[in-house]
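These notes are about the structure you will find just below.
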Amino acid sequence: MEAGKDYFVHANALCESETIGAGTRVWAFSHILPKALIGRECNVCDHVFIENEVTIGDRVTIKCGVQIWDGITLEDDVFVGPNATFTNDCFPRSKVYPEKFPSTTVKRGASLGANCTILPGITIGENAMVGAGAVVTRDVAANTVVVGNPARVIGQVCDISRFD
């Protein structure tokens, strides 16, 4: 850790934000923009990009190859699998930007599988699980498991907070 900081940033990462919680680790080739808010004890793996208008809670794991765009919030204890894809523009066009990006929220304890895609303006409920490769086109209820394209409900999971 760098002197005076209680979080770790790898020498080959670019971390412009000063709002990083204690115990967080940012690994090589990641880029965090200046206004991003990152909680405590997070693990930001290699090749992650985090934009300005992003809030990340405590104990969040973001695996390699993930981009987190403006308007996205990851609450506490969220897991984001490798190469999961967030989108934040419902009608993307080159050099045409919305006045405000839709808000996407991944609630406490939810897990997103590798290579899943989350469309803009979606809420993933507490403890929900999104399967690898799923394309989430609408909100996912708490404690629900979804898979496929488009993502569909296949089951339920227990509330992990019961085991704290």
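The values are calculated or read from the model by the stated rules, or taken from the named source; none is laboratory data. Everything numeric here is computed off the predicted structure, so don't read it as measured data. All Cβ positions, even for glycine, are placed from backbone atoms using ideal geometry, and neighbour counts span all protein chains on display.
Matching residues to (1) in a loop (DSSP other than H, G, I, E, B); (2) under 22 Å from THR55 (Cα atoms):
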{"site": "ASN88", "(1), (2)": "yes, yes"}
{"site": "GLY109", "(1), (2)": "yes, yes"}
{"site": "ALA114", "(1), (2)": "yes, yes"}
{"site": "ALA132", "(1), (2)": "yes, no"}
{"site": "PRO150", "(1), (2)": "yes, no"}
{"site": "ILE154", "(1), (2)": "no, no"}
Criterion (out of contact with any Ser or Thr (no Cβ under 6 Å at 6 or more places or on another chain), within 20 Å of CYS45 (Cα to Cα) and among the hydrophobic types (A, V, I, L, M, F, W, C)) met by exactly one of PHE86, PHE79:
PHE86
Qualifying residue in the stretch 9-24 (condition: crowded, with 16+ Cβ neighbours inside 10 Å, without any contact (Cβ under 8 Å) to a residue 24 or more places away in the chain, out of contact with any Lys or Arg (no Cβ under 9 Å at 6 or more places or on another chain) and closer than 21 Å to ALA110 by Cα):
no
Single residue of the stretch 1-40 satisfying the filter (acidic (Asp, Glu) and over 22 Å from GLY71 (Cα atoms)) that is modelled with the highest pLDDT
ASP6
For the stretch 69-106, the count of residues that are under 10 Å from the mean Cα position of the chain (by Cα) and surrounded by fewer than 22 Cβ atoms within 10 Å (Cβ to Cβ) equals 7
